[in-house]
Amino acid sequence: MKKYRCSLCGYIYDESKEKIKFEDLPDNWTCPLCGAPKALFEEVKESSKEDAKEVVEKIEETNVKETDDLRKLTNYEISLICSNLARGCEKQYLEEEKLLFTELSKYYESKEENKKGTLKDISNLVKEDINNFNEAMQLADKYQDRGAKRVITWASKTSNIMKIILENYEKKGIDYLKNTKIWVCDICGFVFIGDVPPKICPICKVPSFKILEVN
């Protein structure tokens, strides 16, 4: 059984689930999501763990070739890259690839389990980020990079919010998070503590359905 992907919206037609071969569908059949004609579907080549691992191997190979402008990625950073790739696959209905990248993400995260920092370590990292934003903004101004300036502004605001949250947690302990929820904006990283998230992200202005609850 084969799978076919819509080249417009990414919808997957899976012959094993639909019970009808793609080639047997009528010529006027269209994508159930976007209405694209049958001719715009392409056969999906099955991926394997080796395919996903190739991506990570290239990342690790780059780590070996360090230069003045490129530092070695941490296991957490590799885990985050794989996690983002998994989310990208999910949006394109690539279920198998999503599962593979998710597995790789968990693997690299587990390699750091015994190296997790204390709350003080995390607070110091956030403060270090905040201190670095001024230098980053100066570079963005120098090259007139509006996109970079917007991202730096978002990151600066989210880091300052995290600083306040961590300070409150240090003062109040676990009671600070009891009987409430934690929400994170899927676009800019804005963190909110409360039962219901704001209707619009105060930083990047996306609607509340983009502000996800952290389990």
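What the table shows:
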{"read-out": "Meets criteria (assigned by TED's automatic domain parsing to the domain that holds Leu85 and of a type in the set (Phe, Trp, Tyr)) for Tyr143", "value": "no"}
{"read-out": "Hits in segment 170-183 (condition: surrounded by fewer than 17 Cβ atoms within 10 Å (Cβ to Cβ) and either touching a helix residue (DSSP H, G or I) at 6+ places or on another chain (Cβ under 9 Å) or in contact (Cβ under 8 Å) with a residue 24 or more places away in the chain (or both))", "value": "Glu170, Tyr176, Leu177, Lys181, Ile182"}
{"read-out": "Among (1) under 30 Å from Ile122 (Cα atoms); (2) modelled with pLDDT of 65 or more; (3) among the aliphatic types (A, V, I, L, M) - the single one Val64 does not satisfy", "value": "(2)"}
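The values are calculated or read from the model by the stated rules, or taken from the named source; none is laboratory data. Since we're looking at a predicted model, the values are computed, not measured. Glycine also receives a Cβ, built like all others from the backbone with ideal geometry; neighbour counts cover every protein chain displayed.
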